[in-house]
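Structure first, commentary second.
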Amino acid sequence: MTSQATLSDAIESTIASLPAHMQDWVRKEADLCKPDAVEVITGKADQIVRLENELEASGTYTRLDENVYGKRCFYARSDKNDVARVEERTVICTEDPVDAGPLNFWVDPEKMHGKLDKLFDGAMKGRTMYVVPFVTNPADSQFATAGVQLTDSANVVCNLYRMSNLQDGWRILEKQTRFPRITHSYGTLNKEDRWITHFPKELYCRTINSDYGGNALGPKKIFGLRLVGIQALENAQKKSQPDEDVGIEVVEHMALFGIDYGDRRVHFGAAFPSMCGKTNIATGVAEGPMAQHKVFTLGDDIIGGATKKGDGRLYVNNIEAGMFGVTKGMSDFANKMLMEALRNPKAEVEACEGGPIFTNQVLVDNNGSKGVWWSESGEDFPQGDGITTYNWLGEEIDASAEEKDQKNARVTMPIRNVPHLDSDYSNNEGVPLDVALIGGRSSKLHPLISRARSWNEAVYHALCQFSEPTAAAVGQKPRYDPMANRPFIAFNVSDYAQKWLDIPEKTPNPPAVFSVNWFRRDDDGNFIWDGFGANYRVLDAAVRQLEGKDAWVETPIGLVPKPEQIDISGLKYTTTTEQLAEILTPNQEALQNEVANREGWLNELENGLETGSEGRGAPKKLPQAIWDEHEAFKKRVKQYCG
């Protein structure tokens, strides 16, 4: 018997050990990708430790100083052309382009499969195919769902072990016959042939020629938002009455946290676009008049849930087991609890999930002690005798170098290390979502906080959520980002809007929806609000309004608090009630511009994007309720502006 024949026997034996309902798929992928071996990831830590050691021996990982970072903490670099998600190569493959919608790139499924078959043919020669199970958190909740990723990247496996629940994956998959499937190969890392493809009808993703972030870590955006989002849509559409158990109904790009008032706890979901403070608000520490109340964390990125039988409220939880964040700007001031998690890992977490994996920061060698540094960390660039620093490209540098850490440098870490992680993180029922925060970044338009007058108005505003790309002047056209979910809605955005409009029918006591904007600026471009820990003062005002303790005033964009209803004592930027009144009031010129901008945006959703529409799916008519709310908004603005 030849060595190849023996190897094939070994692969076949490994595949035969898998649950029967997935063997044919894994066998088909192995036949195409032609790995030298197949290894099933068991979920046990000793297997991951072996892979970490192999990556360190190969030079892929650099072990960081255990006295500083704890055990099993590593540094890695990605390929210089493989540093972020690639929107134009992230496609939805449906038979009808309308099902993909105008915000997604679209390719016919048969055509895409043909292209991918050629790219995957032999892509894993000389490598091991890892079979990785994972399940959403909590594993035994009514809305848990499991999947499998095939990958030839040990780096991906080690990252997934820190951010996904691999330990319970096989137990759940034994009884889940329809499951999301992901096949990944880092291939040649050729960016011209890089694809992140989704086949909704098949609950299937194929991704190739990337080994970084959301392109390769399947349980993150690919599974957690896109594929599970499709499952949630299907379940919500078939649900006929509130007490019917259909599994997961809601998946959103939201952080999940709460404020403990002693006699009650209020849970918040925060849907903020990138760089708008989502992780900060979920892992921050209250200050000033709010310091007496504990802020607790449940998650920083993705929630999933369902309506609780007999309760009528939406119960959700963080569906992930770890955190995958940008390090630029991470500091004791902005993310105190995250920094504590990095500095003080728990022994039981080190022994199981392991320590953080840093990617693309500055590597610091301090007389043999290895560490990392990143921009806007609050720490000076490392310098001195015996200190050598290397940028993310591996080049030796000093403090004067322009190229230091990559702007999208990331850290993967187990969430169990976060000091104020709440015990409800593992609650199978989830927690009631009391408040949904819709955030964005605008210099003049959005008030510091506002609340829509009705559920339909809240959905309309959320569909028109945006984040200015810069410190924009009034009149700059925004980039709209519905529910901070624009890159991750794997179906038509009109269906997404209808799903949200339908929530009160299936969830009789839905969360209150507030819009927040921490980024108002004065006419000189300076921030007016302190942000960070001060933001909990604003959320406290929302709680009082929700509980009927404070009456808010009308504006065209929603109800807003009176200046005296937010405590500004001790703040640095907002020091007078006049300043606070300014950021609680929408600018009239900005409002008038927004009416036209929103009308254009809604028309794009119905008729196709004005720019960049080539290669995208097809639009469909928006729900009439959205247009009704838009007409009402126009009338309010006209009356307000005179």
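Residues in the range 564-617 that are closer than 30 Å to ASN104 by Cβ and β-branched (Val, Ile, Thr) were compared, and the one that is surrounded by the fewest Cβ atoms within 10 Å (Cβ to Cβ) is THR611.
Listed here are the residues, each with its yes/no results for (1) among the acidic types (Asp, Glu); (2) surrounded by 22 or more Cβ atoms within 10 Å (Cβ to Cβ); (3) in contact with a helix residue (DSSP H, G or I) (Cβ under 6 Å, 6 or more places away or on another chain).
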| residue | (1), (2), (3) |
| --- | --- |
| ARG416 | no, no, yes |
| ALA458 | no, yes, no |
| PRO482 | no, yes, yes |
| PRO487 | no, no, no |
| SER494 | no, no, no |
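Inspection of the range 512-520 finds no residue satisfying the criterion of being modelled with pLDDT of 95 or more, among the hydroxyl-bearing types (Ser, Thr, Tyr) and touching an Asp or Glu at 6+ places or on another chain (Cβ under 7 Å). Which residues, taken from the range 165-197, are among the polar types (S, T, N, Q), within 23 Å of ALA144 (Cβ to Cβ) and surrounded by fewer than 15 Cβ atoms within 10 Å (Cβ to Cβ)? Passing the criteria: only THR177.
Candidates are the residues of the range 286-305 that are touching a His at 6+ places or on another chain (Cβ under 9 Å) and buried (at least 19 other Cβ atoms within 10 Å of the Cβ); the one that is nearest to ASP530 (Cα to Cα) is ALA286.
The strands (runs of 3 or more DSSP E) found entirely in the range 5-98 include none that carry 2 or more residues being open to solvent by 70 Å² or more (accessible area, probe 1.4 Å) and in contact with a His (Cβ under 7 Å, 6 or more places away or on another chain). Only one of the numbered conditions (1) open to solvent by less than 50 Å² (accessible area, probe 1.4 Å); (2) touching a residue at least 60 places away in the same chain (Cβ under 8 Å); (3) outside any strand (DSSP E or B) is violated by SER375, and that is (2). Exactly one residue out of ALA255, ALA236 is of a type in the set (A, V, I, L, M, F, W, C), closer than 22 Å to VAL135 by Cβ, touching a Lys or Arg at 6+ places or on another chain (Cβ under 7 Å) and open to solvent by 10 Å² or more (accessible area, probe 1.4 Å), and it is ALA236. Regarding the range 79-89, can at least one residue be identified that is among the small types (Gly, Ala, Ser) and modelled with pLDDT under 95? Checked the range 79-89: at least one residue is among the small types (Gly, Ala, Ser) and modelled with pLDDT under 95.
Of the residues making up the range 541-560, those that are open to solvent by less than 30 Å² (accessible area, probe 1.4 Å) and closer than 30 Å to ASP332 by Cα are ALA541, ALA542, VAL543.
The values are calculated or read from the model by the stated rules, or taken from the named source; none is laboratory data. Keep in mind the model is a prediction, meaning the values are calculated, not measured. No Cβ is skipped: glycine too gets one built from the backbone with ideal geometry, and neighbour counts run over all protein chains shown. For accessibility, only protein heavy atoms count, side chains too; no ligands or nucleic acids. Shrake-Rupley method; radii C 1.70, N 1.55, O 1.52, S 1.80 Å.
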